[in-house]
1. What's the ranking of 242-251, 157-166 by average number of surrounding C-beta atoms within 10 Å, highest first?
2. Take the alpha carbon atoms of the chain, find their radius of gyration, then divide it by 2.2 N^0.38 Å using N residues; give the quotient.
3. Can you pull the Kirkwood radius for the range 22-125, inverse mean 1/r over Cα pairs, to one decimal in Å?
4. Once Rh is set to the Kirkwood radius over Cα pairs, what Stokes-Einstein translational diffusion coefficient, in µm²/s, holds for the range 104-211 at a temperature of 4 °C and a viscosity of 1.567 mPa s?
5. Give a residue-ordered list of calculated ³J(HN,Hα) values for the range 417-429 (Karplus: 6.51 cos²θ - 1.76 cosθ + 1.60, θ = phi - 60°; whole Hz; x for Gly, Pro).
6. In nm, give the distance between the simple-model label positions of D297 and K345, each being 7 Å from the Cα along the Cα-to-Cβ direction.
7. Work out Dmax and Rg for the range 256-310 from the C-alpha atoms and quote the Rg first, both in angstrom.
8. Any chance you could check the Cα centroid distance between the range 255-315 and the range 126-200 for me, in angstrom?
Amino acid sequence: MALLLKNAHIVDPAAGIDGVADVLIDGERIAQVGEGIDAAGAEVIDLTGKYLVPGLVDMHVHLREPGYEHKEDIESGTRAAAHGGFTGVCSMPNTDPVTDNGVTIEYVKSVAAAKGHCRVYPAGAMTKGLKGEIISEMGDMVAHGCVAFTDDGRGVQGAGMLRRAMDYGKMFGKTFMSHCQDEDLVGDGMVNEGVASTRLGLLGWPAVGEEIQIARDIAIAELTGAKLHIQHISTAHGIELVREAKAKGLPVTCEATPHHMFLTEDAITGTYDTCLKVNPPLRTADDAAALVEAVADGTVDAIATDHAPHADWEKSREFELAPFGMTGLETSLGLVLTNLVKTGKIGYDRMVELMAIGPRRILGLEQVTIAAGSLADITVFDPEATWTVDEADFESQAKNSGFKGAELTGRATDVFVGGVATMRDGVVC
Ligand code: DOR
Ligand code: ZN
């Protein structure tokens, strides 16, 4: 049956729409967009007061399956994605076994097809076992649907290794996504080196440990001609490096996470909340402000969460022993609406670029626009809904959000993937 979404405020800069209209969906595609559409026999959903945008994609998500299902699995992770308003996620390959060959890519895709609540675009490892020693089975993975390469969770330590991976792998046309971390410089660092590490008495994770690999990776992208994407960029100088690379016309993009924009090292207090232990670490207020500025001026191409679920017992250990990472899928849209859109730092159109258009462009996915013929991957949100982040509301198996207790304005209410509802009125289908 056709589906008619009525009276939502549609924002889609690619389609040039910013206003109230109706969307008629027939099958998996949009059939018509316009005012006062009347379709006999269609199921009608009234979205008065809501915003309707191209489906959001989170390009940095740890679904943990196969191997770490005690933290999250593809079913629970994609349920969290739908709950957060996403129609698709790019899954990271630091699974067990590592997603570094076609069989594992195929496994992720098949579980997602059977149990998923959103589209899953799997990323494959750049090196076998994430060890940084041998190139992964890139061609095999691409043949099975891998959308990008990354050793996320680790930086590729050898510059020569990265060069070989890019030189070889660029023939597949995929983006190389870099988690930038020089292990020799960072060592066992766990909070930003400087005021935070001194105040807390914890080992410092220096900004330069990230920046040195951003600079190196940009140089190697220039040398090889491969497409480079900097993951979870966290420092002002890192942003400067990306800005310069873009000014030179290099194929370099980057993403920022809500936690690096809206939290700082100052949030880590004497309670040593392990939910605030993330990699790279929360940085200074100046760094966070530089990220927000870069999000507004176009230097940052995508907002991605680095959703990194962990079991309670893992995060309940001492700060030094707890794993890095916080969840993000269910708070991202609310945080962006509250901290960037409501404050006037960006408009809804820029939000759509950062959360829907940019991720698809970087991952080489079919773009979704609110226009006839487009895939009906659609996110609907209530811009005025006020809510408090509460772990009891999470669909994710994990509770390790660093934003518990935050008061937010704006929340996804309805999500459609290929014309099929995955969330209706705030309830995941
Ligand atoms: O905080 C993080 N957690 N950063 C990463 O890069 C990896 C991730 C994880 O896998 O838990
Ligand atoms: Zn990472």
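1. Listed from highest to lowest mean packing, they are 157-166, 242-251.
2. 0.93
3. 15.5
4. 83
5. Using θ = phi - 60°, the values come out as 10, x, x, 9, 5, 10, 8, 10, 6, x, 10, 5, 7 Hz.
6. Taking the two extended label points, one gets 1.4 nm.
7. Rg then Dmax for the range 256-310, in Å: 11.8, 37.
8. 19
The values are calculated or read from the model by the stated rules, or taken from the named source; none is laboratory data. Every value quoted in this text rests on a predicted model; they were computed, and no experiment measured them. All Cβ positions, glycine included, derive from the backbone under ideal geometry; neighbour counts span all protein chains shown. We work out accessible area using only protein heavy atoms, side chains counted, and drop any ligands, DNA or RNA first. Shrake-Rupley method; radii C 1.70, N 1.55, O 1.52, S 1.80 Å.
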